[in-house]
Each structure stands twice: as C-alpha cells, then as structure tokens.
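S.K.: Below is a structure I'd like to ask you about.
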Amino acid sequence: MTEAELDDLLSTPRQETAQALAACPGDVMILGAGGKMGPTLARMVARAASDRRRVMAASRWSSPAAEEELARHGVTTIRCDLLDQRAVAALPDAPNVIFMAGQKFGTMDNAPQTWAVNAFLPGVVATRFPASRTSVWHLIGPNSSARRNSSAASSRRAAGSSAARISARVCG
C-alpha cells in the first residue's frame, strides 16, 4: 500500500462520522491541524461534509506539504500560532471547533512551552470560541489511541468511532 492509499483509507469517513457531522450544522474549525492526526482528520471531515460548510484547519504548518495537500482536498488552511492570543482572536468564527493542539508532558527541551500548550492554550481557545460546540482531542499520553492502534484498519475504526461518539455527545 502506498502512502497516498493509506492516507485515503485513514481519511475515509464511516457512516457514523458523517451522521454525527450532519447533526452539527455549520463550519468546522480544526485547531492544531498540522500535527500527526490533524491532516487526516481534516480530510475526513471534508469528505464527510455533504453540505457546503467550510472546513478550516489552523496550525503553524511546520510541514508545508501537509498544508498544500489539505488545500488540494478543499480544506481552508490558516497559518496561526495558537499561543499568540491576537492570532487566535483573529480566527474566523466557527460553530464547530475540534481542538487537537497538545504537547507531550515529559518533553524535556521546553517544559514552559509544554505547560503553555497543555494548560494555558485551552483557556485561550475557550475564550475565543465560547458559543461553539467544541471537541477536544488531546492525545499526549503514552496510552493514547494513536499509539495503541498500530494497524491502519484499527486506527481508522478507532478514529471513526471516536469521532462519532465525541460528536454525538457534543451535538446530541
């Protein structure tokens, strides 16, 4: 299987994911979309959206290739340092927010930034998007689902069913 085929497989939305998204009308903002799971999730949301909503992905975009790939798939990419409160305040409104920014605790090279990302940033986002439905994907520990599910099929099942469960709770 090629990398492109794997990306396509992992970003294929399950029926439950599309149903959960349909229950949450309006644009979707994915914060921290440039990480390990963000590009795949952004593509999945764009593929699951059967209406004309915007799917926006905000990140510093340390990987220009990931940003360009998402743009090719209809996702609006936004360059934003989420630790810059003015930059977050300038983000477009969105009734649906998926918060994926996180930094693994135990990161020795920059402990202050780890605390800022994991403790301060959620408050910045909550202040900026107070009326939005917000789903938090904070997979930073050693037992996160991203680490436990090693096969492509199990990762896809976990992501799809988790997205459906989280969205159902947030929107339902």
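S.K.: Among the residues of the stretch 12-42 satisfying the criterion of being touching a residue at least 40 places away in the same chain (Cβ under 8 Å) and small (Gly, Ala, Ser), which is farthest from Ser132 (Cα to Cα)?
M.R.: Selected residue: Gly35.
S.K.: Of the residues that make up the stretch 79-98, is at least one at pLDDT below 90 and either within 18 Å of Gly35 (Cα to Cα) or in contact with an Asp or Glu (Cβ under 8 Å, 6 or more places away or on another chain) (or both)?
M.R.: So far as the stretch 79-98 goes, no, none of its residues is at pLDDT below 90 and either within 18 Å of Gly35 (Cα to Cα) or in contact with an Asp or Glu (Cβ under 8 Å, 6 or more places away or on another chain) (or both).
S.K.: Among the residues in the stretch 146-155, are any within 28 Å of Gly26 (Cα to Cα) and modelled with pLDDT under 95?
M.R.: The answer is yes; a qualifying residue exists.
S.K.: For the stretch 48-63, what are the residues that are in contact with a helix residue (DSSP H, G or I) (Cβ under 8 Å, 6 or more places away or on another chain), of a type outside the set (A, V, I, L, M, F, W, C) and either surrounded by 18 or more Cβ atoms within 10 Å (Cβ to Cβ) or closer than 16 Å to Pro92 by Cβ (or both)?
M.R.: Ser59 - this is the single residue of the stretch 48-63 that is in contact with a helix residue (DSSP H, G or I) (Cβ under 8 Å, 6 or more places away or on another chain), of a type outside the set (A, V, I, L, M, F, W, C) and either surrounded by 18 or more Cβ atoms within 10 Å (Cβ to Cβ) or closer than 16 Å to Pro92 by Cβ (or both).
S.K.: Looking at the stretch 22-40 only, could you name the residues that are outside any strand (DSSP E or B) and closer than 17 Å to Met100 by Cα?
M.R.: The answer is Asp27, Gly32, Ala33, Gly34, Gly35, Lys36, Met37, Gly38, Pro39, Thr40.
S.K.: Something else: Filter the stretch 1-21 for residues that are part of a helix (DSSP H, G or I) and either β-branched (Val, Ile, Thr) or closer than 18 Å to Ala66 by Cβ (or both) and give the result.
M.R.: Residues satisfying the conditions are Glu3, Ala4, Glu5, Leu6, Asp7, Asp8, Leu9, Leu10, Thr17.
S.K.: Could you list, ordered by first residue, the pairs with Cβ atoms under 7 Å in which the first is in the stretch 58-75 and more than 11 Å from Gly32 (Cα to Cα) and part of a helix (DSSP H, G or I) and the second is modelled with pLDDT of 90 or more and of a type in the set (S, T, N, Q), at least 6 apart or interchain?
M.R.: These pairs meet every condition: Glu67/Thr77; Leu70/Thr77; Ala71/Thr77.
S.K.: Let me ask something additional. Kindly indicate which of Val88, Val45, Val97 is touching a helix residue (DSSP H, G or I) at 6+ places or on another chain (Cβ under 9 Å), over 22 Å from Glu3 (Cβ atoms) and part of a helix (DSSP H, G or I).
M.R.: It is Val88.
S.K.: Can you find even one residue in the stretch 129-141 that is modelled with pLDDT under 65, under 27 Å from Asp27 (Cβ atoms), out of contact with any strand residue (DSSP E or B) (no Cβ under 8 Å at 6 or more places or on another chain) and surrounded by 13 or more Cβ atoms within 10 Å (Cβ to Cβ)?
M.R.: Yes, the stretch 129-141 contains at least one residue that is modelled with pLDDT under 65, under 27 Å from Asp27 (Cβ atoms), out of contact with any strand residue (DSSP E or B) (no Cβ under 8 Å at 6 or more places or on another chain) and surrounded by 13 or more Cβ atoms within 10 Å (Cβ to Cβ).
The values are calculated or read from the model by the stated rules, or taken from the named source; none is laboratory data. Remember, predicted model here, so these are calculated numbers, not experimental data. Don't worry about glycine lacking a Cβ; one is built from the backbone with ideal geometry, like all the others, and counts go over all protein chains shown.
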